[in-house]
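S.K.: Have a look at the structure that comes next, please.
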Amino acid sequence: MSRAPLRLYTPASLASNAAVMLSPAQAHYLGTVMRRAAGDTVLVFNASDGEWRAGITALRRDRCDLVVECQTRPPAAEPTLRLLFALLKRDATDLVVQKATELGVTELQPVLTARTQASQVNLARLMAIAIEASEQSERLGVPVLHPPRRLDALLAAWPASDTLAVAAERVAAPPLQAGAATALLVGPEGGFAPEELDVLGRHAFVVPANLGPRILRAETASIVGLALLQAPVTGH
């Protein structure tokens, strides 16, 4: 029985007959975990070149060589969708990055707030999670992952013409509507500090948004907010 090709992200240029070498981690995954071998095919992709079928020409534990064969999907621009989220504990942050990637986020911005639960983050590990989520969800692109920044610095540098929807709890705010913004800010467990809410309220580009009648965990709020921003608009 034939096996479905695996999807792997690569930053290498993809074109017919191009030679591509995968990373040692990808080689280990293909050979040791998925039991692939020379002669098998995989799908490789990136945002610039789209998705291509490629044949494995050589595979060792730490090296995999491919020859690109034919394009299976052309490149396509993804709608801008940015998530700014207060850093959480490791597992919760991992979940936010994974699910946000699956939901089509194009930029991920960790934020440091007064009640942030973590001050350091392993960006390489988070990037690996985002890449794996892009592979699984059949995206062509991988989100840009920015280093953490303080909330006040982000707001000071934010373009005044770009609406920033802020997930608000216990604040009178209209429900978050599809297409209301291309950027969503979600605070930490316990919410934003009062002084942070004051600062947010002084910026005209900030739009408070209600995610529903319940108080959500921070990681759940990110998922719900992103889903609402992209919900299809239906006519009556």
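The values are calculated or read from the model by the stated rules, or taken from the named source; none is laboratory data. Bear in mind that the values here come from a model prediction, so they are computed numbers and not experimental data. Ideal geometry is used to build each Cβ from the backbone, glycine not excepted, and the neighbour counts take in all protein chains shown.
S.K.: Scan region 66-113 for residues that are touching a helix residue (DSSP H, G or I) at 6+ places or on another chain (Cβ under 9 Å) and part of a strand (DSSP E or B) and report the count.
M.R.: Going through region 66-113 one residue at a time, the tally reaches 9.
S.K.: Run F85 past the list (1) modelled with pLDDT of 95 or more; (2) surrounded by fewer than 19 Cβ atoms within 10 Å (Cβ to Cβ); (3) hydrophobic (A, V, I, L, M, F, W, C) and report the number of the one that doesn't hold.
M.R.: For F85, the failing item is (2).
S.K.: Taking the residues in region 38-54 that are surrounded by 11 or more Cβ atoms within 10 Å (Cβ to Cβ) and over 28 Å from the mean Cα position of the chain (by Cα) as candidates, determine which candidate is farthest from S16 (Cα to Cα).
M.R.: Among them, the one singled out is A38.
S.K.: Among the residues of region 55-71, what is the count of those that are surrounded by 14 or more Cβ atoms within 10 Å (Cβ to Cβ) and touching a Pro at 6+ places or on another chain (Cβ under 9 Å)?
M.R.: Residues that pass the stated criteria total 2.
S.K.: Provide a single number: the residues in region 202-214 that are in contact with a Pro (Cβ under 8 Å, 6 or more places away or on another chain) and more than 13 Å from A167 (Cα to Cα).
M.R.: Count: 1.
S.K.: For region 129-236, please list each of the helices (runs of 4 or more DSSP H) lying entirely inside it that holds at least 2 residues being within 30 Å of Y9 (Cβ to Cβ).
M.R.: 151-157, 218-229
S.K.: Name every residue in region 7-48 that is assigned to a loop (DSSP other than H, G, I, E, B), hydrophobic (A, V, I, L, M, F, W, C) and free of Cβ contacts under 8 Å to residues at least 60 places away in the same chain, in order of residue number.
M.R.: A12, L14, A15, A18, M34, A37, A38
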